[in-house]
Amino acid sequence: MSSMEDAEAPAMEGSEASGRHRLGVILLLAMGHLAGDFYAMLLTPLIQDFREAFSLSVTAVAVLVNVGSLSNSTLQPIFGHFLERFDQKSVFAVGLLIATVVLSCIGLAPGPVWLGVLLALGGLGVALFHPSGAVLTSRFAGPRRGLAMSVYTNGGAIGIALAPLAVTLLMERATREMCWLFMPLGLATATAVFGFVPRTAASSEPTRLPRWRSLVHPGARSAWLVFLSVVLRSLAVVVIASLVVIHSAERGWSKAEGRLLLTAFLFSCAAGGVIGGYLSDYLDRRRLMLAACFLAFPPLAAAWHVSHQGALALLIAGGAVLSLSTPVNIVVAQELHPNHASAMSGVMMGLAWSVSVVLLVPFGALADLTSATTALSASALLPGLAGLCLLPLPDLPPTVRPKAAAESLASAGENG
């Protein structure tokens, strides 16, 4: 790692940093992503506790999940676009601080209204750091963009997976009101980002919104297909994460057993993303995305009709396969619209997730009318539908092979 003076030097581009320095920056950004998504995920393992404390239906729980996700996800492409000209390190660190302080206090909420307020305010911080972190990762990645993006995105995935485990350990010794004890993780990481991540060159171009014509131009079709696929895949993850603990209660399993299923599924998603990022540097990315979607269906369809041990194994397999294409989606979107890299990162990481969370409400209503098991079984169809969206895409060569592939994607995306 370079000195503090070097870290604060303006206009330092990732391509100028040494390999070791780049790796250190990417790992620190991944740690920040881990911390931020850890706080964003604290609600999910506490859903059953809040249901019992506030007498909430499954549909009401889905609405609360929407409040937080609409705040932190819908605003990501907006913040990503309008903050393009600011130092991305500062945007990332400030967003992480907001998420840390506010979301670690959700256990103190005296009722569902205050819980919704905290989720909405904390979501603003999450919306700030996500796109800026993706842009910084791309700038410091060097030639291995797929692997670097997988490290960054799966830092967040690991944070998401750690949340239910940490909550389980906390609830064994304390109550949900003590969630503020998790705050030091984010405070320390944000401080490290401020101190050690180099400043980046701000764009000298005035910030312009993409023209509507460019959004409906035939060259934008690939981006929309990738976006729709990400929405459907994200919806599958959201439904499982939101209903698996409730499903466990319906099956007569304990809350700890339900949180174990949730933790295992989310950790497998993180591992699958890392593997997928590595493979995407060497394999055709379209085929990798298709394989991730179609091969995830069998284990995710069967997981809700077997024993606890069987469900654990199937969720690990399904989560890993489904997440193989997670980092690929972001890199492809950035290549399609390189002049709006931060905004496109927000679209794929934030807006797609936000749309998927809105679509969670019908699954919550289905769970109220029938059972969580039925809703989860229906969600198993979503990865296959996501794969169908990707069939019209052209081949997407691996990133370590011809650079002309990225240039042709950029030309198609920016045309019009």
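The values are calculated or read from the model by the stated rules, or taken from the named source; none is laboratory data. What you see is a predicted model, and the numbers here were worked out from it, not measured in a lab. Every residue, glycine among them, receives a Cβ derived from its backbone with ideal geometry; neighbour counts consider all protein chains shown.
Structure above, values below:
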{"item": "Where a residue in segment 283-299 is among the aromatic types (Phe, Trp, Tyr) and its partner, wherever it lies, is outside any helix (DSSP H, G or I), with Cβ under 7 Å and at least six apart", "result": "Phe297/Ala380"}
{"item": "Members of segment 146-178 found to be surrounded by fewer than 23 Cβ atoms within 10 Å (Cβ to Cβ) and not aliphatic (A, V, I, L, M), listed by number", "result": "Thr168, Glu172, Arg173, Thr175, Arg176, Glu177"}
{"item": "Spans of helices (runs of 4 or more DSSP H) in segment 302-416 with at least 2 residues at pLDDT 90 or above and either under 30 Å from Arg251 (Cβ atoms) or among the basic types (Lys, Arg) (or both)", "result": "308-322, 360-369, 372-379, 382-390"}
{"item": "Residue list for segment 21-77, restricted to those being within 15 Å of Ala241 (Cβ to Cβ), within 13 Å of the chain's Cα centre (by Cα) and at pLDDT below 85", "result": "Ser69, Asn72, Ser73"}
